[in-house]
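A.B. asks: Got a structure for you, questions after.
The values are calculated or read from the model by the stated rules, or taken from the named source; none is laboratory data. Remember, it's a predicted structure, so these values are computed and weren't measured experimentally. Counting neighbours? That spans all protein chains shown, and the Cβs are built from the backbone with ideal geometry, glycine included.
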Amino acid sequence: MSWTSCRSRARRFCSLLLGGLLWAGAALASTPPEEVVRQASEQVLARLEAEPAVQAQTERLHALVDEVLVAHMDLERMSRWVLGKYARRVDDDQLARFTEGFRALLVRTYATALTEYNGQSMRFLPLRQDDEDRVTVRTLIEQPAGPSIPIHFSLHNRDGAWKAYDITIDGVSMLTNYRTSFAAEIRRGGIEQLIESLQAQQTREQGF
């Protein structure tokens with residue numbers, strides 16, 4: 001199953017949770033990772049309930065997600081990983097422009113998902129300790145109709161703060177999906193064309 005089809009089934013809740021996870025920030029670095037996800041998801045729910053109009057206001061929603069992502073996602077690690085072997089071929093300027101375009105893509109993805117949230121529930125499974133500084137917070141999203149959807153959040157401890165760097169839905173990794181897609185685009189037109197494509201998408205979204 002592709003990331004797109006998985007996201008169509010679960011994006012409402014997974015994006016809500018990731019947004020909440022990132023919202024938690026460094027202040028929760030000393031909290032067990034599963035509690036970071038649990039507490040953060042509750043914070044996001046409270047924000048949406050307090051300001052339901054945000055879901056229908058694109059600029060405000062994008063600004064909120066943008067603030068959260070920039071502050072609390074490990075975008076540098078994510079950008080290098082999704083570029084794969086091509087990360088070694090880009091200069092600092094290209095990497096910076098790619099990271100900015102990738103960030104904008106993630107903002108649009110999560111913001112769109114948040115507009116569709118309608119109250120699914122979450123059940124936590126035992127935490128998986130991948131190594132000393134990396135963990136997987138495993139959850140099941142229980143839907144009113146249909147089977148539960150496993151959504152796993154990958155976090156690592158960077159400079160004393162837990163940073164999110166991937167989501168896996170039904171066994172499909174967000175980063176792996178983007179890496180495959182970007183590699184195909186780079187093979188067709190090169191890294192500059194990929195960067196320009198990401199920038200063009202951002203420009204269209206902003207209405208410029």
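A.B. asks: Residue check: is F153 in a strand (DSSP E or B) and either touching a Lys or Arg at 6+ places or on another chain (Cβ under 6 Å) or of a type in the set (F, W, Y) (or both)?
C.D. replies: yes
A.B. asks: Pairs only if they're at least six apart or on different chains, beta carbon under 9 angstrom, first in the stretch 73-93 and without any contact (Cβ under 8 Å) to a residue 24 or more places away in the chain and surrounded by fewer than 14 Cβ atoms within 10 Å (Cβ to Cβ), second small (G, A, S) and part of a loop (DSSP other than H, G, I, E, B); list them, first residue then second.
C.D. replies: No pair meets every condition.
A.B. asks: What number of residues within the stretch 126-148 satisfy the criterion of being farther than 17 Å from T31 by Cα, surrounded by fewer than 19 Cβ atoms within 10 Å (Cβ to Cβ) and of a type in the set (A, V, I, L, M)?
C.D. replies: Summing the residues that are farther than 17 Å from T31 by Cα, surrounded by fewer than 19 Cβ atoms within 10 Å (Cβ to Cβ) and of a type in the set (A, V, I, L, M) in the stretch 126-148 gives 2.
A.B. asks: Also, quick follow-up: Of all residues in the stretch 98-136 being part of a loop (DSSP other than H, G, I, E, B) and of a type in the set (D, E), which is farthest from Y165 (Cα to Cα)?
C.D. replies: Step by step, filter the stretch 98-136, then rank; the result is E116.
A.B. asks: Any idea which of (1) within 18 Å of A183 (Cβ to Cβ); (2) touching a residue at least 40 places away in the same chain (Cβ under 8 Å) is the one V135 doesn't satisfy?
C.D. replies: That leaves (1) as the condition not met.
A.B. asks: Something else: Return yes when T139 is modelled with pLDDT under 90, under 19 Å from R77 (Cα atoms), in contact with a Phe, Trp or Tyr (Cβ under 9 Å, 6 or more places away or on another chain) and not in a helix (DSSP H, G or I) and no when it is not.
C.D. replies: Considered against the rule, which asks whether it is modelled with pLDDT under 90, under 19 Å from R77 (Cα atoms), in contact with a Phe, Trp or Tyr (Cβ under 9 Å, 6 or more places away or on another chain) and not in a helix (DSSP H, G or I), T139 comes out as no.
A.B. asks: With the condition kept exactly as written, say whether any residue in the stretch 171-192 is within 20 Å of W81 (Cα to Cα), among the hydrophobic types (A, V, I, L, M, F, W, C) and not in a helix (DSSP H, G or I).
C.D. replies: Yes: one or more hits.
A.B. asks: Mind listing whichever residues of the stretch 126-147 are hydrophobic (A, V, I, L, M, F, W, C) and closer than 24 Å to R158 by Cα?
C.D. replies: The answer is L127, V135, V137.
A.B. asks: Checking T99 against (1) under 16 Å from V36 (Cβ atoms); (2) of a type outside the set (F, W, Y); (3) surrounded by 14 or more Cβ atoms within 10 Å (Cβ to Cβ), which single condition isn't satisfied?
C.D. replies: In the conditions (1) under 16 Å from V36 (Cβ atoms); (2) of a type outside the set (F, W, Y); (3) surrounded by 14 or more Cβ atoms within 10 Å (Cβ to Cβ), T99 misses (1) alone.
A.B. asks: While we're looking at this one, here's another question. Can you report the number of residues in the stretch 156-170 which are exposed (fewer than 15 other Cβ atoms within 10 Å of the Cβ) and not in a strand (DSSP E or B)?
C.D. replies: Here the count works out to 2.
A.B. asks: Mind listing just one residue for me: the one in the stretch 49-72 that is modelled with pLDDT of 80 or more and of a type in the set (A, V, I, L, M) and, of those, nearest to E185 (Cα to Cα)?
C.D. replies: Applying the filter and picking the extreme gives A56.
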